[in-house]
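Notes for the one structure printed next.
Computed from the coordinates by the stated procedures, all read-outs in this text should not be read as laboratory data. Predicted model only: the values in this text are computed from it and were never measured. Heads up, the Cβs are rebuilt from the backbone with ideal geometry, glycines too, and the neighbour counts pull from every protein chain shown.
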Amino acid sequence: MPATPTLPTARNLIDGVFTAAGADGIPMYDPATGEVIGHAPRGTRADIDAAVAAAKRAFPAWAATPAPKRAEILFRAARVMEERKDELARLVTREMGKVKLEAEGDVQEAIDMAYYMAGEGRRLFGATTPSELPNKFCLTLREPIGVCGLITPWNFPVAIPSWKSLPALVCGNTVVIKPSEETGGCATAYVECLMQAGLPPGVVNIVHGTGEVAGDALVRHPDVPVLSMTGSNETGRLVAQNAAPMLKHLHVELGGKNGIIVLDDADLDFAVQAILWSAYGTSGQRCTAGSRIIVQAGVHDALLEKLVAAAKTQRVGHGWSDDVNLGPVVRPAALEKIERYVKIGVEEDGATLACGGRRADVPAELAGGWYFEPTVFCDVTPTMRIAQEEIFGPVTALIRVQDLDEAIEVFNGTPYGLSGAIITRDFASMMKGMRALKSGIVYLHNGTIGAEVHLPFGGVKATGNGHREAGIAGIDFYSELKTVYIDYSGALQRAQID
Ligand code: NAD
């Protein structure tokens, strides 16, 4: 088993002061071994009040700091994260289990976002546009909004806090982060990097704790006008309901049931590689995981055979081992949920288990960890529960269709709409699929996973509420547009009348 060096632990950061967990801390685990690796502070409503008050005090000075100066701190944060990349990646693997390459990718995403949002500090463009009246000028300005409450999940424990906080900060807002209970060390190390880069006290704050207490206190706080939460649909609906009475600026980014369409003319060896990466990357615990493979009848059996053979070659084990490409799942509850869905697939849905379907065998020193075999279901129909509900584990389901039209109908037949893909060599089918898939993200000729920070990220239908992370869309969410009319005619000019 790889040696684990001493790594930072979860601490609160309020007004520039870090504090460790008390005796009532929330236990944190290494999913690779099941061992307790530390405790996160059990944040209270009073801790949230203190963090929000600090962020509110820091807001006027930070908002008044020129955006290019704010951006210089984000540039430095990117460099600090580059220097600490190995340490941050080890933390990711230790707290949520993903394999080394992907853990490094998680951190790289935060570095990319810091460089990208730092660049935005010299843009933050508004618009100028002609007026309908003479001697009148029109423009829009971006303004910061205030304290942003950011609630994050465990599956991208460095990247997601960065997706939310960096656009918020460059726009001149201050933030309070409530990270997942599972991955508090990652979020703490990330805010340490921001502080090392020179962020003034109170501009970024972090309070650990349960969703029901610390998360809920942030959602309902009257001094938090902006809320962005990523997590499950169940939590998202609750957060949306609880935030609604205050008419907050709200973004929820939720689960998915993503599909990869494979047509008869596809290169099947390539398709298998794309499916492996999409279905089993992060052990299937990505919001964009390819959990439905919608296959045209002509290649269905050949693809199934190749996919099962390839799934059996996946090497399950400790995420920090170089020869492993499928790490553990995050917690015993996740393992139990996956087992429940395998049972539903076989007993309730009547699908066929083509491979996997059980806990994976691992060496004795990892016996306490939470490992599941890469699993493929076939004979799956579109309305089965395993084809409709998010499993969040290394499980994928093959659905046979006759043609592209049926594939599109099946793809669109779930409540979700995060990521979709179409693998074909036919240009017209790609273009038709690109337009017809009801999905926030579409990949042509690849799998469903892989986001770049300068493009908008988010889903349609029950995956979200219409906003996007990253790209200029991220800037749009964390700034308010002010429309300015400058009338230098010296006369009373009336729009629509004169
Ligand atoms: P989760 O919903 O259990 O928790 C997410 C966060 O919400 C945590 O910080 C949690 O403490 C907090 N929370 C829980 N109850 C709360 C409440 N009542 N009020 C306020 N906050 C509360 O989700 P998870 O298990 O951490 O993450 C997995 C889920 O996230 C999956 O469904 C996955 O698809 C989704 N996800 C979506 C995206 C996306 O961009 N669409 C990205 C990553 C993960």
Compute the FRET efficiency between E336 and H445 as 1/(1 + (r/R0)^6), taking r as their Cβ-Cβ distance and R0 = 45 Å, and round to the nearest 0.05.
0.80
Cβ-Cβ FRET estimate between A297 and L101, R0 fixed at 41 Å, reported to 0.05:
0.70
Note the angle between two axes, namely the Cα long axis of helix 85-96 and the longest principal axis of the Cα atoms of the chain, as a number of degrees from 0 to 90, rounded to the nearest 10.
60 degrees
Residues of region 169-183 with amide N under 18 Å of a point placed 7 Å along Cα→Cβ from L481:
171
Stretch D361-D498 to full length: gain in nm at 0.36 nm per residue minus the Cα-Cα span?
41.4 nm
Amide H to amide H under 5 Å from I294: which residues, 5+ apart in sequence or cross-chain, H placed 1.01 Å off N in plane?
I260, I261, V262, I399
Projecting the Cα atoms of S278, C355, A367 onto the charge dipole of region 271-421, where Lys and Arg contribute +1 and Asp and Glu -1 at Cβ, the residue farthest towards the positive end is A367
Using only Cα atoms and rounding to the nearest 10 degrees, what angle (0 to 90) does helix 159-170 make with the longest principal axis of the chain?
10 degrees
If you take the Cα atoms of region 190-268, find Rg, then find the Kirkwood Rh from the mean of 1/r over all pairs, what is Rg/Rh?
1.19
Hey, what does the equivalent ellipsoid look like for region 60-163, semi-axes from the Cα gyration tensor as sqrt of 5 times each eigenvalue, largest first, whole Å?
37, 14, 13
Which of the peptides 143-149, 325-331 is most tightly packed, and how do the rest follow, going by the mean number of other Cβ atoms within 10 Å of each residue?
325-331, 143-149
Evaluate E = 1/(1 + (r/R0)^6) for M434 and Q388, where r is the Cβ-Cβ distance and R0 equals 35 Å; express this FRET efficiency to the nearest 0.05.
0.90
Violations at 21 Å Cα threshold for listed pairs K306/K438; K100/K343; K69/K164; K85/K337 -> K306/K438; K100/K343; K85/K337
Expected 222 nm ellipticity per residue - DSSP helices of 4 or more, -39500 (n - 2.57), all of the chain, to 500
-11000 deg cm²/dmol
Could you tell me the relative contact order of the chain? Use alpha-carbon pairs under 8 Å, at least six residues apart, and round to a whole percent.
19 percent
Extreme residue, positive dipole direction of the chain, given options G236, L139, T210 (C-beta unit charges)
L139
Does anyone have the angle between helix 268-280 and the longest principal axis of the chain? Alpha-carbon axes, 0 to 90°, nearest 10?
60 degrees
Normalised radius of gyration for region 343-496, please: alpha carbon Rg relative to 2.2 N^0.38 Å, two decimal places.
1.54
Most to least packed among 361-369, 229-237, 340-348 [average Cβ atoms within 10 Å]:
229-237, 340-348, 361-369
Ranked by Cβ crowding within 10 angstrom, fewest neighbours first, how are D301, D476 ordered?
D301, D476
What is the local net charge at C193, summed over the other residues whose Cβ is closer than 11 Å to its Cβ (Lys, Arg +1; Asp, Glu -1)?
0
Which shape class, rounded, prolate or oblate, goes with region 258-444 when its Cα gyration tensor gives a ≥ b ≥ c as root eigenvalues, a/c under 1.5 marks rounded, and past that a/b bigger than b/c marks prolate?
prolate
Provide the three semi-axes, in whole Å and in decreasing order, of the ellipsoid equivalent to the chain as defined by the square roots of 5 times the Cα gyration tensor eigenvalues.
39, 30, 19
Applying a 10 Å radius around every beta-carbon, put 120-126, 385-391 in order of their mean neighbour count, most first.
385-391, 120-126
Net lengthening on full extension, A491/A46 (0.36 nm per residue, minus Cα-Cα):
154.7 nm
